[in-house]
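Data first, discussion second: the structure below is written as structure tokens.
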Amino acid sequence: MTIQILPTVLINQIAAGEVVDRPASIVKELVENAIDAGATEISIQLEHGGRDVITVSDNGCGIQNEELHLAVTPHATSKIAEEADLAAVASLGFRGEALASIGSVSHLAITSRTQHDEAGMRIEVDGGESNEVVPTPSRVGTTVEVKRLFYNTPARRKFLKSDSAETTRVRDAVQRIAAAHPEVSFVLKSGERTLLQYGASDTKDRLISIFGPELTSELLDVSYELGDMKLWGVVGTPDVARPTSRNIRIHVNGRTIQDASITHALKDAYKGLIEPKRWPTAALYIEMNPALVDVNVHPQKSEVRFRDKNAIWRLVSRGVTAALHANDIVATIQAESAPVSFGTGEQMQMIEQETSTWLRQETPLPTIRKSDEVMQVQKCFLVTQDEQGILIVDQHALHERIMFEELYERMKQQKLESQRLLVPESIQADGARIELIESHQALFTNLGIEIEASGPASISVYALPTLLVSRNVEGSAFIEDVLDLLSDAHGDVDEESVLVDILDMMACKAAVKAGDSLTQTELKDLLSKRHLYDRSSRCPHGRPTTMRLSIEALEKQFGRR
């Protein structure tokens with residue numbers, strides 16, 4: 001096989017696969033360029049999810065006439081000049097390959113003007129081939145038009161998702177950048193619909209615009225320093241934890257990033273405050289010496305590498321914990337007392353093995369006799385007996401599993417029973433959420449939910465599943481969580497897995513809670529359903545529902561054996 005040098009166009013198309021894999025990554029690159037150019041107003045227009053048209057306009061400093069042709073040349077940039085600059089990158093865009101890569105897989109046009117030029121200039125690139133720069137009327141700033149994305153690489157175009165899915169990804173990308181730059185106003189439109197519109201503001205107001213005004217009183221300020229690093233931002237109270245991580249924003253030196261270590265540190269601060277499967281709401285901003293973070297490890301600049309990852313983890317974990325403690329939000333953890341030792345060490349080891357078998361799901365399903373009484377302890381645990389010993393049940397975990405299985409069986413046969421609300425519930429929603437409702441109308445109908453847009457920024461709920469209404473579940477909060485799930489999927493919805501998640505959520509919200517008093521009839525009815533389902537030893541979240549202490553273990557504990 002002969003080694004050969006690839007043509008420039010093909011090199012750029014390969015680079016495009018790394019830098020611009022979909023419309024959202026193009027929008028991210030263009031918006032970051034606009035911010036680097038000092039723009040205070042940025043507008044984005046999409047057609048058909050961006051696969052047909054993406055237009056990004058800004059009022060930044062513009063590109064000088066004589067340099068416009070360099071903007072579409074590979075590895076040409078104004079943001080770094082020498083090797084030392086890579087050690088402390090302060091700009092958002094710096095690799096110098098984005099525009100050339102975009103132009104190699106689309107019809108690209110750039111119109112730009114600086115305040116020192118009397119007129120603007122325009123250059124067009126078609127599949128990597130650029131035309132001459134020509135004069136054109138233009139305001140100060142830059143407008144980039146991208147048409148027919150991947151028209152000359154059909155395999156990549158085929159892998160784009162639906163218009164709705166791609167639009168959702170673009171919206172998420174713009175929101176993340178907007179959270180990091182509240183001083184810039186943003187407008188995002190899809191066709192004639194305005195999806196996002198943020199005016200210039202301070203950080204707190206911008207975050208409330210993104211997260212929703214209902215969280216205004218639920219956001220706690222974070223401010224913490226560790227060495228030369230500074231952490232600030234907001235975190236939500238445990239009450240506004242979400243079923244997905246979509247309400248987490250992480251920024252380092254003005255750059256929006258994804259970092260598993262930081263996310264882990266954030267969640268660690270909430271240990272004991274929220275369920276393991278839920279995620280906190282947070283927008284965290286880290287300021288540090290640019291030389292201590294490498295932003296050149298990912299083509300799309302969405303990940304970074306910290307010189308001291310452990311220090312970053314401590315900064316976030318301690319900073320968020322301090323904010324929670326300052327607001328008297330503290331997990332209550334009580335150490336278990338050691339069991340009283342009657343008998344030999346070998347006997348105690350056997351007892352411990354007996355009491356831990358439920359964790360391994362090895363305990364056979366106990367048969368509860370109808371004549372046996374059930375005692376409710378601390379309005380949380382049910383204590384009774386079976387033929388093998390003492391049975392202890394978490395009332396919420398068991399009820400949640402039973403309700404989930406019942407809902408799942410009903411859904412396999414028909415849609416859930418629905419009940420109309422006497423007064424429709426109104427929920428604030430942006431254009432993207434309205435689009436989610438419209439594109440998933442069949443799913444909502446099968447769940448027994450009647451919902452539709454009632455204005456440019458609101459939706460109305462007219463009916464909910466009868467189960468939720470009968471259990472007095474707050475409908476708006478449930479709908480918010482469902483929309484979070486759908487939004488987090490970016491439109492790539494696996495109907496079966498999403499349905500399971502939603503039914504899990506319904507079961508959790510409708511199940512009896514710790515603190516609910518139950519009558520003897522209700523207690524026995526709950527326990528009597530345990531044998532109906534194979535997976536009743538675990539709730540849908542994976543937590544155990546039941547623990548049993550055998551007669552043999554008790555006898556060993558009290559020295560009768």
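Of these, Val187, Val140, which one is surrounded by fewer than 18 Cβ atoms within 10 Å (Cβ to Cβ) and in contact with a Lys or Arg (Cβ under 7 Å, 6 or more places away or on another chain)?
Numbers: Val187 fails: in contact with a Lys or Arg (Cβ under 7 Å, 6 or more places away or on another chain).
On inspection, the qualifying residue turns out to be Val140.
Which residue out of Asp205, Asp221, Asp163, Asp228 is closer than 25 Å to Ala457 by Cα, of a type in the set (Asp, Glu) and either assigned by TED's automatic domain parsing to the domain that holds Ala269 or modelled with pLDDT of 90 or more (or both)? Write out each step before concluding.
Values: Asp221 fails: closer than 25 Å to Ala457 by Cα; Asp163 fails: either assigned by TED's automatic domain parsing to the domain that holds Ala269 or modelled with pLDDT of 90 or more (or both); Asp228 fails: closer than 25 Å to Ala457 by Cα.
Just a single option satisfies the conditions, and that option is Asp205.
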- Message: Among (1) crowded, with 18+ Cβ neighbours inside 10 Å; (2) of a type in the set (Ser, Thr, Tyr); (3) in contact (Cβ under 8 Å) with a residue 24 or more places away in the chain, there is one condition Thr194 misses while meeting the rest; what is its number?
- Response: (1)
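Quick grid of which residues meet (1) of a type outside the set (D, E, K, R); (2) surrounded by fewer than 20 Cβ atoms within 10 Å (Cβ to Cβ); (3) in the same structural domain as Gly212 (by TED's automatic domain parsing); (4) closer than 15 Å to Asp239 by Cα:
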{"position": "Ser261", "(1), (2), (3), (4)": "yes, yes, yes, no"}
{"position": "Ala265", "(1), (2), (3), (4)": "yes, no, yes, no"}
{"position": "Asp268", "(1), (2), (3), (4)": "no, yes, yes, no"}
{"position": "Leu273", "(1), (2), (3), (4)": "yes, yes, yes, yes"}
{"position": "Leu292", "(1), (2), (3), (4)": "yes, yes, yes, no"}
- So Ser209 fits all but one of (1) farther than 20 Å from Ile177 by Cβ; (2) in contact with a strand residue (DSSP E or B) (Cβ under 6 Å, 6 or more places away or on another chain); (3) assigned to a helix (DSSP H, G or I); what number is the exception? (1)
- Message: Criterion first (at negative phi, without any contact (Cβ under 8 Å) to a residue 24 or more places away in the chain and touching a strand residue (DSSP E or B) at 6+ places or on another chain (Cβ under 6 Å)) does Arg242 satisfy it?
- Response: no
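Quick one: how many residues across the range 532-547 are part of a strand (DSSP E or B), more than 30 Å from the chain's Cα centre (by Cα) and either modelled with pLDDT under 80 or surrounded by fewer than 17 Cβ atoms within 10 Å (Cβ to Cβ) (or both)?
First, pick out the residues of the range 532-547 that are part of a strand (DSSP E or B): 538, 544, 546-547.
Checking the rest, the ones that are also more than 30 Å from the chain's Cα centre (by Cα) come to 546-547.
From what's left, either modelled with pLDDT under 80 or surrounded by fewer than 17 Cβ atoms within 10 Å (Cβ to Cβ) (or both): none.
Going through the range 532-547 one residue at a time, the tally reaches 0.
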- Please identify the pairs in which a residue from the range 504-526 that is under 19 Å from Phe404 (Cβ atoms) has its Cβ atom under 6 Å from the Cβ atom of a residue that is in a loop (DSSP other than H, G, I, E, B), counting only partners at least 6 apart or on another chain. Asp504/Pro540; Lys509/Val473; Ala510/Arg471; Ala510/Val473; Ala514/Cys380
- Note on the structure: Of all helices (runs of 4 or more DSSP H) fully inside the range 385-469, the set with 3 or more residues that are closer than 25 Å to Ser164 by Cβ, touching a Lys or Arg at 6+ places or on another chain (Cβ under 8 Å) and touching a residue at least 40 places away in the same chain (Cβ under 8 Å) is 431-439
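Give the residue that is surrounded by the most Cβ atoms within 10 Å (Cβ to Cβ), with candidates limited to residues of the range 233-250 that are hydrophobic (A, V, I, L, M, F, W, C) and within 23 Å of Glu287 (Cβ to Cβ).
Start the filter on the range 233-250 by keeping residues that are hydrophobic (A, V, I, L, M, F, W, C), which leaves 234-235, 240-241, 248, 250.
Pick out the ones that are also within 23 Å of Glu287 (Cβ to Cβ) and you get 234-235, 248, 250.
On the way: Val234: 22, Val235: 27, Ile248: 20, Ile250: 23.
So the residue we want is Val235.
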- Item | Residue within the range 210-219 that is under 23 Å from Ser43 (Cα atoms), surrounded by fewer than 17 Cβ atoms within 10 Å (Cβ to Cβ) and touching a Phe, Trp or Tyr at 6+ places or on another chain (Cβ under 9 Å) present | no
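For (1) closer than 27 Å to Asp239 by Cβ; (2) more than 25 Å from the chain's Cα centre (by Cα); (3) of a type in the set (A, V, I, L, M), each residue gets a yes or a no:
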| residue | (1), (2), (3) |
| --- | --- |
| Lys415 | no, yes, no |
| Pro424 | yes, yes, no |
| Gln441 | no, no, no |
| Leu447 | yes, no, yes |
| Ala457 | yes, no, yes |
| Tyr462 | yes, yes, no |
| Val473 | yes, no, yes |
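Would you point out which residue out of Ser43, Ser91, Ser104, Ser78 is under 28 Å from the mean Cα position of the chain (by Cα), modelled with pLDDT under 90 and polar (S, T, N, Q)?
On inspection, the qualifying residue turns out to be Ser91.
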- Message: Is it the case, given these coordinates, that His490 is assigned to a helix (DSSP H, G or I), of a type outside the set (S, T, N, Q) and at pLDDT below 85?
- Response: no
- Yes or no: Ala37 modelled with pLDDT under 95, under 25 Å from Arg176 (Cα atoms) and touching a Cys at 6+ places or on another chain (Cβ under 8 Å)? yes
- Note: among Pro456, Pro424, just one is over 24 Å from Arg410 (Cα atoms), surrounded by fewer than 18 Cβ atoms within 10 Å (Cβ to Cβ) and modelled with pLDDT of 90 or more, namely Pro424
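The values are calculated or read from the model by the stated rules, or taken from the named source; none is laboratory data. Keep in mind that what you see is a predicted model, and the values were worked out from it rather than measured. Neighbour counts run over all protein chains shown; Cβ positions are idealised from the backbone, glycine included.
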